[in-house]
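Here's the structure, in structure tokens; my notes come after.
The values are calculated or read from the model by the stated rules, or taken from the named source; none is laboratory data. The model shown is predicted, which means the values in this text are computed figures rather than measured ones. Please note: Cβ atoms are built from the backbone with ideal geometry, for glycine as well, and neighbour counts cover all protein chains shown.
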Amino acid sequence: MRKTLADLSGGWRQRELWGHLGWQDIRQRYRRSVLGPVWITISMAVTAVALGILYAGLFGVPLETLLPHVLVGFIVWAFISGCINEGSEVFIANEGLIKHLPSPISVHVYRLVWRHILFFAHNLIVYAVMLIVFPQPLKWTALAAIPAVLLLMVNGAWVALLAGIVSTRFRDLTPITQSIVQLMFFLTPIVWIYDDLINSPNPAVAERARLAEFNPFLHFVEIVRAPMLGNDQLVRHWVVVLVITVVGWILTLVVMRRYRARVAYWV
Amino acid sequence: MVSITTRDASVDFPIFDAKSRSLKKAVLGVVGGNISSDTKVPIIEALRDINVDLQHGARVGLVGHNGAGKSTLLRLLAGIYEPTRGTAVVEGRVAPVFDLGVGMDPEISGYENIMIRGLFLGMTRKQMEKRVDDIADFTELGDFLSMPLRTYSTGMRVRLALGVVTSIDPEILLLDEGIGAVDAAFLEKARDRLSDLVDRAGLLVFASHSDEFLKRLCTSAIWMEHGQIKQQGPLKAVLRAYKGPEAVLDEGHGAA
């Protein structure tokens, strides 16, 4: 366990390296484009507005309700899915570096999470614009969004580590993971509103909607979205997220203890 | 204190072919209760029972035929592969120079690549900023340094990589050969810098087929064969055993 913790803290000390590489990844993606990383912001705005208009029409919900809901949900989802999908390839993609430079494996994961934090920050611009167009009833409770986002990041790190190690050994897990994540997008209340279905006059619909409680992603989306939109915050979601954080990290530490050193052999 | 110590260290590679690596096979293997030889992963013993004890000031050459385990041994000494059996303890900051191209990004400029490569080798951003001018001087690339790396010729890339690598202050320097593809005049310049680099390093392990380089840089040697250490000791004795009488002949010329 000592070596596992040394890996995590040693990787953390190389902040200059992964911080630089994370920025580099973003600049790289938009190199030679005129707008550069602003494209992150624009594509998020376009997606959220298009989905907002589409589903507001389909569900018969007013746009000023659904658009903010979709937007914030989508920003959180982009972070979650990025950490999981890219996490399952993180060591495979860095094969050259892993085999040539003795660095803690956590460096690659920190770089990945940092990159998605930067994406997240770019997307917050869309959120800020949305607040101007559709003002939300924000109170001081909106500050809860800060610990919520921090929890999101802490979870992103263990998920990427775990998915990375396991799918380096079993290569089939990468496509499996990616299909599941895609499916989970529809099962998570991002384009649809959970409360509306729970309170549906049709008892069959309400009953089925309750199953969404078993979806861990729902709780992560809720703890961030509720404060950001000034909605009522439920303790239940926080408890679930905290439990997942602790259990997830314990599981990841156990897996790292056994298999961390094997990653260089498996890539 | 800088040191590398290994005790009976072995490195075994599992070779997963497409089938045995898949989850399907692992799951079906368990379900069917069929854990016979066909579900077992074949293993290559790349290194076996390696015992080395390298202290500050050691200048070790690695010799042996292709596939004898020189590169794997370097990676064991770098801490990249932790031994599957036995132990390996590496004390000190390791700068491995195995492949000049790794960590280089073709889409970004020479300057940015200098920075990134330096960070990878364990330098800080500040330390690298101080060295950038010196590296630019050495590489003689001039205005090309602000061009993307993909516009460089192979030789220019090697210059850049060598420039960065030889500018650092490593505690443990691990060099793999294959530093070529540069014009003769530049190579002479690079040699001086390489020698300087080696002098700064606390500990050197250098894998090479070139007797001349080995004699210039090393004082002792390890001879690898079939993943095991065949002999280790003073450079001349090992070279003589490895190469036969011709190594002695070379030496005679060198002395004359």
Could you go through the stretch A:36-59 and let me know if any residue there is within 14 Å of chain B (Cβ to nearest Cβ) and exposed (fewer than 15 other Cβ atoms within 10 Å of the Cβ). yes
Of the residues B:Met123, B:Met115, B:Met104, B:Met128, only one is of a type in the set (A, V, I, L, M, F, W, C), touching a residue at least 24 places away in the same chain (Cβ under 8 Å) and in contact with a helix residue (DSSP H, G or I) (Cβ under 7 Å, 6 or more places away or on another chain); which? B:Met104
Is at least one residue of the stretch B:148-155 touching a Pro at 6+ places or on another chain (Cβ under 6 Å) and under 22 Å from A:Arg31 (Cα atoms)? yes
Looking at (1) touching a helix residue (DSSP H, G or I) at 6+ places or on another chain (Cβ under 7 Å); (2) within 14 Å of chain B (Cβ to nearest Cβ), which one does A:Leu97 not meet, given that it meets all the others? (1)
Cβ-Cβ distance below 8 Å, separation of 6 or more or different chains: which pairs start in the stretch B:1-18 with a residue that is farther than 17 Å from A:Trp266 by Cβ and within 14 Å of chain A (Cβ to nearest Cβ) and end on one that is of a type in the set (Ser, Thr, Tyr) and not in a loop (DSSP other than H, G, I, E, B)? B:Ala9/B:Thr87
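Conditions tested, residue by residue: (1) closer than 28 Å to B:Ser208 by Cα; (2) touching a strand residue (DSSP E or B) at 6+ places or on another chain (Cβ under 8 Å); (3) modelled with pLDDT of 85 or more; (4) within 9 Å of chain A (Cβ to nearest Cβ).
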{"site": "B:Thr84", "(1), (2), (3), (4)": "yes, yes, yes, yes"}
{"site": "B:Val94", "(1), (2), (3), (4)": "yes, yes, yes, yes"}
{"site": "B:Tyr111", "(1), (2), (3), (4)": "no, no, yes, no"}
{"site": "B:Leu121", "(1), (2), (3), (4)": "yes, yes, no, yes"}
{"site": "B:Lys130", "(1), (2), (3), (4)": "no, no, yes, no"}
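Residues are listed down the side, and each one gets a yes or a no for (1) closer than 15 Å to A:Trp77 by Cβ; (2) out of contact with any helix residue (DSSP H, G or I) (no Cβ under 9 Å at 6 or more places or on another chain); (3) within 14 Å of chain B (Cβ to nearest Cβ):
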position: A:Ala163; (1), (2), (3): no, no, yes
position: A:Thr174; (1), (2), (3): no, no, yes
position: A:Ser179; (1), (2), (3): no, yes, yes
position: A:Leu183; (1), (2), (3): yes, yes, no
Could you pull out the residue among A:Pro68, A:Pro62, A:Pro104 that is touching a helix residue (DSSP H, G or I) at 6+ places or on another chain (Cβ under 8 Å) and either under 21 Å from A:Val159 (Cα atoms) or within 14 Å of another protein chain (Cβ to nearest Cβ) (or both)? A:Pro104
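Residues are listed down the side, and each one gets a yes or a no for (1) at pLDDT 90 or above; (2) under 18 Å from the mean Cα position of the chain (by Cα):
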{"residue": "A:Phe170", "(1), (2)": "yes, no"}
{"residue": "A:Thr174", "(1), (2)": "yes, yes"}
{"residue": "A:Phe185", "(1), (2)": "yes, yes"}
{"residue": "A:Thr188", "(1), (2)": "yes, yes"}
{"residue": "A:Trp192", "(1), (2)": "yes, no"}
{"residue": "A:Asn199", "(1), (2)": "no, no"}
{"residue": "A:Leu218", "(1), (2)": "yes, yes"}
{"residue": "A:Pro227", "(1), (2)": "yes, yes"}
{"residue": "A:Gln233", "(1), (2)": "no, no"}
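Quickly run through the stretch A:94-137 and pick out the residues that are free of Cβ contacts under 8 Å to residues at least 12 places away in the same chain and either farther than 27 Å from A:Leu67 by Cα or surrounded by 22 or more Cβ atoms within 10 Å (Cβ to Cβ) (or both).
Residues of the stretch A:94-137 that are free of Cβ contacts under 8 Å to residues at least 12 places away in the same chain, as a first pass: A:96-97, A:100-102, A:121, A:128, A:131-133, A:135.
Within the stretch A:94-137, A:Gly96, A:Leu97, A:His100, A:Leu101, A:Pro102 meet the criteria.
Among the residues that make up the stretch B:1-22, is at least one of them outside any loop (DSSP other than H, G, I, E, B), surrounded by 12 or more Cβ atoms within 10 Å (Cβ to Cβ) and at pLDDT below 85? Don't jump to the end; show me each part of the working.
Residues of the stretch B:1-22 that are outside any loop (DSSP other than H, G, I, E, B), as a first pass: B:3-14, B:18-21.
Now drop any that are not surrounded by 12 or more Cβ atoms within 10 Å (Cβ to Cβ), which leaves B:3-14, B:20-21.
Filter once more, so that each one left must be at pLDDT below 85: B:20-21.
Yes - at least one qualifying residue is present in the stretch B:1-22.
Condition first: within 21 Å of the chain's Cα centre (by Cα) and surrounded by fewer than 16 Cβ atoms within 10 Å (Cβ to Cβ). Now tell me which residues in the stretch A:138-147 satisfy that. Before the answer, list the steps.
Initial filter on the stretch A:138-147 (within 21 Å of the chain's Cα centre (by Cα)): A:142-147.
Residues satisfying the conditions are A:Leu143, A:Ile146, A:Pro147.
Tell me yes or no: at least one residue of the stretch B:67-80 is within 11 Å of chain A (Cβ to nearest Cβ) and part of a loop (DSSP other than H, G, I, E, B). Give the steps one after another, and end with the answer.
Quick first cut of the stretch B:67-80, residues within 11 Å of chain A (Cβ to nearest Cβ) only: B:71-72, B:74-80.
Adding the requirement that they be part of a loop (DSSP other than H, G, I, E, B) leaves B:79-80.
Looking through the stretch B:67-80, at least one residue is within 11 Å of chain A (Cβ to nearest Cβ) and part of a loop (DSSP other than H, G, I, E, B).
Helices (runs of 4 or more DSSP H) wholly in the stretch A:1-62 with at least 2 residues that are touching a Leu at 6+ places or on another chain (Cβ under 7 Å) - which ones?
In the stretch A:1-62, A:15-29, A:38-59 are the helices (runs of 4 or more DSSP H) which contain 2 or more residues that are touching a Leu at 6+ places or on another chain (Cβ under 7 Å).
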Criterion violated by A:Arg225 - all others in (1) closer than 25 Å to A:Gly60 by Cα; (2) among the basic types (Lys, Arg); (3) not in a helix (DSSP H, G or I) satisfied: (3)
Please verify whether the stretch B:146-154 includes one or more residues that are at pLDDT below 90, away from chain A (no Cβ under 12 Å) and surrounded by fewer than 20 Cβ atoms within 10 Å (Cβ to Cβ). yes
Which of the numbered conditions does B:Thr39 fail, given that it passes all the others? Conditions: (1) at pLDDT 90 or above; (2) in contact with a helix residue (DSSP H, G or I) (Cβ under 8 Å, 6 or more places away or on another chain). (1)
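Residues that are small (Gly, Ala, Ser): list the helices (runs of 4 or more DSSP H) wholly contained in the stretch B:86-202 that include at least 3 such residues.
Numbers: elements: B:110-120, B:125-139, B:154-165, B:184-200.
Per the criteria, B:154-165, B:184-200.
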Regarding the stretch A:178-199, can at least one residue be identified that is among the small types (Gly, Ala, Ser), more than 29 Å from A:Phe91 (Cβ to Cβ) and surrounded by fewer than 18 Cβ atoms within 10 Å (Cβ to Cβ)? no
Evaluation of B:Arg193 against (1) at pLDDT 90 or above; (2) touching a Gly at 6+ places or on another chain (Cβ under 9 Å) (one fails), failing number: (1)
Looking only at the stretch A:79-93, count how many residues are more than 14 Å from the chain's Cα centre (by Cα) and either buried (at least 22 other Cβ atoms within 10 Å of the Cβ) or not in a loop (DSSP other than H, G, I, E, B) (or both). 4
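Looking at this structure, is A:Leu218 buried (at least 16 other Cβ atoms within 10 Å of the Cβ) and farther than 21 Å from A:Phe79 by Cβ?
In short, no.
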Check the stretch A:200-209 and report whether any residue there is surrounded by fewer than 20 Cβ atoms within 10 Å (Cβ to Cβ), in contact with a Ser or Thr (Cβ under 9 Å, 6 or more places away or on another chain) and under 30 Å from A:Ile98 (Cα atoms). no
Which condition does A:Tyr259 not pass, out of (1) assigned to a helix (DSSP H, G or I); (2) away from chain B (no Cβ under 14 Å); (3) touching a residue at least 24 places away in the same chain (Cβ under 8 Å), if it passes all the others? (2)
